[in-house]
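The structure appears below as structure tokens.
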2 protein chains.
Amino acid sequence: MNNIKNFHMSPDEFRKQGKQMIDWIADYYENIEKYPVLSQVQPGDVKAQLPANPPTQSESMEQIMHDVNSIIMPGITHWQSPSFFAYFPSNSSGPSILGDLLSSGLGVQGMLWATSPACTELETLVLDWLAEMLQLPEKFRSTSVGGAVIQDTASSAALTAVLAARERKTNYQTNDTGNLGNLVAYVSGHTHSSVEKAIKIAGIGKNNLRLIGVDQNLAMRSDLLENAIQEDLQVGLIPFFVCASVGTTSTNAMDPITEIGQISKKYQLWMHIDAAMSGTAAICPEFRYLLNGVELADSFSFNPHKWMFTNFDCNCFFVADRSVLIKTLSILPEYLKNQATESGAVFDYRDWHIQLGRRFRSLKLWFVIRHYGVEGLQHHIRTHIKLAQQFAEWIRFSKDFELVAPAPLNLVCFAHKTGNEFNKKLLETINSRGKMYFTHTIINGRYILRMCIGQTHTQEKHVRLAWETIQETANELISNK
Amino acid sequence: MNNIKNFHMSPDEFRKQGKQMIDWIADYYENIEKYPVLSQVQPGDVKAQLPANPPTQSESMEQIMHDVNSIIMPGITHWQSPSFFAYFPSNSSGPSILGDLLSSGLGVQGMLWATSPACTELETLVLDWLAEMLQLPEKFRSTSVGGAVIQDTASSAALTAVLAARERKTNYQTNDTGNLGNLVAYVSGHTHSSVEKAIKIAGIGKNNLRLIGVDQNLAMRSDLLENAIQEDLQVGLIPFFVCASVGTTSTNAMDPITEIGQISKKYQLWMHIDAAMSGTAAICPEFRYLLNGVELADSFSFNPHKWMFTNFDCNCFFVADRSVLIKTLSILPEYLKNQATESGAVFDYRDWHIQLGRRFRSLKLWFVIRHYGVEGLQHHIRTHIKLAQQFAEWIRFSKDFELVAPAPLNLVCFAHKTGNEFNKKLLETINSRGKMYFTHTIINGRYILRMCIGQTHTQEKHVRLAWETIQETANELISNK
């Protein structure tokens, strides 16, 4: 057989192109402030410049990178820019990129312990490290009855929690019989939309999701939660799940975990804690209070891919009793059977989430924790929080702007006193000029600007420039009226 | 504020470490045949060598890479070894690793068009390219009423298909009310276990999943499918979903798509086609017949991360009517609203799958298709199939071994004539010696060895060595009896 013809990239070519790509990325970070943070292309612009049909013949990396530079880059919104203040951050770092590169290079599957033991064992270890860094109770560690797994996103983690809660409450019968339509779940109106999505996916039905009212700080009111549970019980429904947020997406509101946790124990609900961004702050002892009450939770998740310098995707999902999770999601076809699984001595992480196949994601997290050390991570988290608090202070002392929600950490919600239309125009004007990027939310009918500080390289000068730009642009819009 | 202290990796350090990592990966591929393909560590070995507590202070990349080499590598099962013949492949390539590296470096989010337009538009374009390469009907292209999205795995794609099918059948009411318990789905006993998992997750219930019998080639019998549907209809149940496999996992059996598709149209079921590994073969015109009948499908998925040189994760999920998918999975909280979404001129891929956050995965696929060209991809797929067919031919002419299932492509199922215990011992002996790695399945009580050829660098010499080793090891086991 003729094996001579070969289209693969040779090792020498890979070395050459790989080193150029490393330089490309280093150059990108050195020049990132020259790009408009928010891409200014219009719908269809990028696609229109690329050939509609696939190439029959091989093209060179030079041709491909030419198109990256000239066509792809204008269509990029620069999440790694130090002036990216939109949404939640999705930050990254050198060691994380290198850990992810090693994962791509090894190309192993971690669906079973047996398919690459180091992939499972390093993940277990690093998640135990995180449990220690966050001072999570013993039950969330692999050495106890619980444990943790890396998932792609907090959305998948929330779905996993809903499913485990559903099965525990129905004695693992819903998996067999289908949902019976009497389970009820609880969130606040500010809980992340992924929980509503999970409730729909799991066949519970959105009508069986109660939106509990919030207090003046937009945190869930536990008295209203208990009332709702009692009402549902009285009509024969079965409360099974509550999600408490450590930092809601809109305004970083903190639900009262301890109170919600006590209610969840009293009525035997599964409490899931979604600490997607803000959980990272709890690695600093002075912010660990945010997780007070986590000992009452059945599951807890946060995303190092948001605010812990670990590039997407890396959600850490902790569960207090892993047997519930495994019983909920386990499958074992013949072609996956093996001695290690049968011995019971290993974790097979495919039974801990939706997917079967899984990438070696703990490498990047391991690289990040070792490169920074716990002290280094704490230092940078504290710096972000200090910068946000400084920004909040500027707002507080401003004549024209006001804070519209508490700013406990790194997210500041504010508005110009002039009103919704003005704030909307202010946001759009600043974003269209490309020097920085904010997003908005609406609270009680009020249009609000969000300033979220969590990008790896954000420094005081960026925050100061942002505040100056906000003020100047507001003044300009007022004069032009 | 003191911003001087800084634990980040400097651009110069990143350049240096990044280039060393590129060399590390190139060296790995040049030396990969020196490692035992199947890791020989015991449960706990890797974890026991690593510190149980996280480092307080920063460690150097040299220390980290030292541990990679001495502790992690012995715990790796080498999926990228040319003598990896186990499970299905999860192959990779130079251009794919570089595309993935670029994605890590850019670190953008593609949840909305607006969060990085190029991320959405390149994905749409490359999936249209694939639709052309696979000669998929017009309806699966973005320019028509359907379209495609990159998901992580075929498991997630199957779940997405089940959910869209559920909502279409119940007029989008299950999302609101919860599942009513009368929906029924159909697979064969050889359909991938992910569909059963999806049926459980979606609240349909495993008891409402019918396992349809198979013919002598282990393909679903469409007459039995129709019988089962009729029986369910007669008792008032609602058939809604059928999964047809192009290449089952155990033996690569091919379900009769056209017949199943006609039945799905007649009874208004959603037909999903799972072509996870074998779909790639259809980019060669001579194997396109495998997809005959795909025009009857509502959704179709295959994994370039299995057999198309694109590293994990990269599943391509095509849907004939994107409006069903979007209506099923759409969420739109205030903080994600933007002009582009409201204009309706763009795709927001977060509404096409479970997750919200998403990585720029189309880069690696674009790099692969451009680097190889369609001709290059076809060449290597054909080579793998020729090698597998040669191996099957050796088995066919062997006195001691026999084929136990048809081998239409790159998977050969075979067994020594001596019986189950012998075959099991044969497999374990070969795997324990580390020169190559096979896995097994059980069909009709018979223990069967699987030889799956799809690793990027597998050549004739590797397949020939495998066959020699299998024969020699069998003879050795017989003499030692």
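Before moving on, here are some points about what is shown:
- Within segment B:449-463, being without any contact (Cβ under 8 Å) to a residue 40 or more places away in the chain and within 10 Å of another protein chain (Cβ to nearest Cβ) holds for one residue alone: B:Lys461.
- Once segment B:415-439 is narrowed to residues that are within 21 Å of B:Gln216 (Cα to Cα) and modelled with pLDDT of 95 or more, the residue that is surrounded by the fewest Cβ atoms within 10 Å (Cβ to Cβ) is B:Lys417.
- Flag if A:Leu449 is under 19 Å from B:Glu334 (Cβ atoms), buried (at least 16 other Cβ atoms within 10 Å of the Cβ) and not charged (D, E, K, R): yes
- Scope segment B:61-71; condition more than 9 Å from every other protein chain (Cβ to nearest Cβ) and among the polar types (S, T, N, Q); matching residues: B:Asn69, B:Ser70
- Here the condition is being within 10 Å of another protein chain (Cβ to nearest Cβ) and under 30 Å from B:Arg168 (Cβ atoms); of B:Leu332, B:Leu377, B:Leu325, B:Leu387, it holds for B:Leu332 alone.
- For segment A:72-79, the criterion of being within 25 Å of B:Met111 (Cβ to Cβ), free of Cβ contacts under 8 Å to residues at least 60 places away in the same chain, out of contact with any helix residue (DSSP H, G or I) (no Cβ under 8 Å at 6 or more places or on another chain) and more than 7 Å from every other protein chain (Cβ to nearest Cβ) is met by none of the residues.
- Evaluated against (1) part of a loop (DSSP other than H, G, I, E, B); (2) facing another protein chain (nearest Cβ under 8 Å); (3) farther than 20 Å from A:Thr174 by Cβ, A:Phe347 falls short on exactly one condition, (2).
- Cβ pairs under 6 Å, 6+ apart, first in segment B:93-109 and more than 7 Å from every other protein chain (Cβ to nearest Cβ) and touching a residue at least 12 places away in the same chain (Cβ under 8 Å), second among the aliphatic types (A, V, I, L, M) and in a helix (DSSP H, G or I): B:Ser96/B:Val368; B:Gly99/B:Leu363; B:Ser103/B:Leu363
- When we screen A:Thr177, A:Thr170 for residues that are farther than 11 Å from A:Phe241 by Cβ, surrounded by fewer than 24 Cβ atoms within 10 Å (Cβ to Cβ) and within 7 Å of another protein chain (Cβ to nearest Cβ), the only hit is A:Thr177.
- Members of segment A:125-163 found to be crowded, with 24+ Cβ neighbours inside 10 Å, at the interface with chain B (Cβ under 7 Å from one of its Cβ atoms) and closer than 24 Å to B:Gly75 by Cβ, listed by number: A:Asp152
- Look at (1) farther than 20 Å from B:Gly261 by Cβ; (2) surrounded by fewer than 24 Cβ atoms within 10 Å (Cβ to Cβ); (3) of a type in the set (A, V, I, L, M, F, W, C) and you find that B:Ile204 fails only one, number (2).
- Selected residue (criterion: nearest to A:Ile331 (Cα to Cα)) from residues of segment A:170-186 that are assigned to a loop (DSSP other than H, G, I, E, B) and in contact with a Leu (Cβ under 9 Å, 6 or more places away or on another chain): A:Gln173
- Taken together, A:Leu365, A:Leu336 contain a single residue that is crowded, with 20+ Cβ neighbours inside 10 Å, at pLDDT below 95 and aliphatic (A, V, I, L, M), which is A:Leu336.
- Which numbered condition A:Thr310 misses (of (1) touching a residue at least 40 places away in the same chain (Cβ under 8 Å); (2) within 10 Å of chain B (Cβ to nearest Cβ); (3) of a type in the set (Val, Ile, Thr); (4) not in a helix (DSSP H, G or I)): (2)
- Residue match in segment A:37-57 (condition: acidic (Asp, Glu), buried (at least 16 other Cβ atoms within 10 Å of the Cβ) and either facing chain B (nearest Cβ under 7 Å) or within 27 Å of B:Ser343 (Cβ to Cβ) (or both)): yes
- Taking segment A:402-414 as the range and being surrounded by fewer than 22 Cβ atoms within 10 Å (Cβ to Cβ) and assigned to a strand (DSSP E or B) as the test, the residues that pass are A:Glu402, A:Leu403.
- Unique residue being under 21 Å from B:Met254 (Cβ atoms) and assigned to a helix (DSSP H, G or I) when the list is B:Leu325, B:Leu290: B:Leu290
- When B:Gly419, B:Gly376, B:Gly434 are checked against the criterion of being in contact with a Pro (Cβ under 6 Å, 6 or more places away or on another chain) and of a type in the set (Gly, Ala, Ser), B:Gly434 stands alone in meeting it.
- Segment B:215-237: number of residues that are crowded, with 17+ Cβ neighbours inside 10 Å and either in contact with a Lys or Arg (Cβ under 7 Å, 6 or more places away or on another chain) or at pLDDT below 95 (or both): 1
- 1 or more residues under 18 Å from B:Leu409 (Cα atoms) and over 16 Å from the mean Cα position of the chain (by Cα): qualifying helices (runs of 4 or more DSSP H) within segment B:187-278: B:257-266
- Residues that are under 28 Å from the mean Cα position of the chain (by Cα) and basic (Lys, Arg), drawn from segment B:12-37: B:Lys34
- Count - residues of segment B:262-296 that are surrounded by 24 or more Cβ atoms within 10 Å (Cβ to Cβ) and without any contact (Cβ under 8 Å) to a residue 60 or more places away in the chain: 4
The values are calculated or read from the model by the stated rules, or taken from the named source; none is laboratory data. Just so it is clear, the model here is predicted, and its values are computed rather than measured. A quick note on method: Cβ atoms are made from the backbone with ideal geometry, for glycine too, and the neighbour counts reach across all protein chains shown.
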